[in-house]
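The values are calculated or read from the model by the stated rules, or taken from the named source; none is laboratory data. As the structure is a computational prediction, the values presented were derived from the model and not from experiment. In this analysis, Cβ positions are derived from the backbone assuming ideal geometry, glycine residues included, and neighbour counts consider all displayed protein chains. To get the accessible areas, we keep the full protein, side chains included, count just its heavy atoms, and leave off ligands, DNA and RNA. Shrake-Rupley method; radii C 1.70, N 1.55, O 1.52, S 1.80 Å.
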Amino acid sequence: MNEELVPIPISALNQYDYCPRRCWLMYVAGEFLPNPYTVEGELLHERAHQGVDTKRGELLQLRHVQVYSHRLGLIGYADVVEERAGKLYPVEYKRGRKGEWNNDRLQLCAQAMCLEEMTGRPISKGYIYYAASHRRELVELTPEVRTQVLKAAQRVRAIIA
């Protein structure tokens, strides 16, 4: 990691974009009370992470992949990283239904930015899989979303400091 940057969890960016106070409570005060929705989400991730890496034709799926960025000072896990025809893309699993969840897009984009630094390969898209609707949402990793990731990381770092 960048010597000046203590690594922060990618998941904190998601929490910050959803609710800065919630982010502070979780990552500074260490307070978190599980509820039925968070427990369901944890079980979904547990199932996704317990799966085995698979290869079907040209598609390779790697599960529970640790990702990091020295430059951004981020660390976390991608639920799934897929490779097809030499292209990488992360897949983030969420318990709910497809919707306009910017916080989920930021988390996915941060994973992709970490993968880019780790592999030296550009990543232009990723997917969010919503378990309730059994659908994937294509997320284009635009310069605007990448800028939002950088700003969210700065804000989370300020909250933690």
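Can you name every residue in the stretch 53-83 that is touching a strand residue (DSSP E or B) at 6+ places or on another chain (Cβ under 7 Å) and more than 18 Å from residue 118 (Cα to Cα)? Let's see the steps before the verdict.
Residues of the stretch 53-83 that are touching a strand residue (DSSP E or B) at 6+ places or on another chain (Cβ under 7 Å), as a first pass: 53-54, 58-68, 73-83.
53, 54, 58, 59, listed by residue number.
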>> For the stretch 119-147: of the residues being part of a strand (DSSP E or B) and among the charged types (D, E, K, R), which is surrounded by the most Cβ atoms within 10 Å (Cβ to Cβ)?
In response: 137
> residue 116 is checked against (1) open to solvent by 10 Å² or more (accessible area, probe 1.4 Å); (2) in contact (Cβ under 8 Å) with a residue 40 or more places away in the chain and fails just one. What number does that condition carry?
Replying inline: (2)
> Any idea which of (1) without any contact (Cβ under 8 Å) to a residue 40 or more places away in the chain; (2) open to solvent by 50 Å² or more (accessible area, probe 1.4 Å); (3) in contact with a Leu (Cβ under 9 Å, 6 or more places away or on another chain); (4) not aromatic (Phe, Trp, Tyr) is the one residue 150 doesn't satisfy?
Replying inline: (1)
>> Looking only at the stretch 67-89, filter to residues that are touching a Cys at 6+ places or on another chain (Cβ under 9 Å) and not hydroxyl-bearing (Ser, Thr, Tyr); which one of those is surrounded by the most Cβ atoms within 10 Å (Cβ to Cβ)?
In response: 78
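Has the stretch 53-62 got any residue that is in contact with a Lys or Arg (Cβ under 7 Å, 6 or more places away or on another chain) and at pLDDT below 90? Give the derivation first.
So in the stretch 53-62, the residues in contact with a Lys or Arg (Cβ under 7 Å, 6 or more places away or on another chain) come out as 53, 58-59.
Applying the additional criterion that residues be at pLDDT below 90 yields 53.
There is at least one residue in the stretch 53-62 that is in contact with a Lys or Arg (Cβ under 7 Å, 6 or more places away or on another chain) and at pLDDT below 90.
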> Among the numbered criteria (1) part of a helix (DSSP H, G or I); (2) closer than 17 Å to residue 65 by Cα; (3) not charged (D, E, K, R), which single criterion is violated by residue 154?
Replying inline: (2)
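Just to check your reading of the model, which residue among 161, 112 is over 20 Å from residue 67 (Cα atoms) and hydrophobic (A, V, I, L, M, F, W, C)? Explain how you work it out, then say what you get.
Values: 112 fails: over 20 Å from residue 67 (Cα atoms).
After applying the criteria, what remains is 161.
I'd like the residue in the stretch 54-77 that is in a strand (DSSP E or B) and among the charged types (D, E, K, R) and, out of all such residues, is farthest from residue 150 (Cα to Cα).
Filtering the stretch 54-77 for residues in a strand (DSSP E or B) gives 54-56, 59-69, 74-77.
Now narrow it down to the ones that are among the charged types (D, E, K, R): 55-56, 63.
Details: 55: 33, 56: 35, 63: 25 Å.
Per the stated criteria, the residue is 56.
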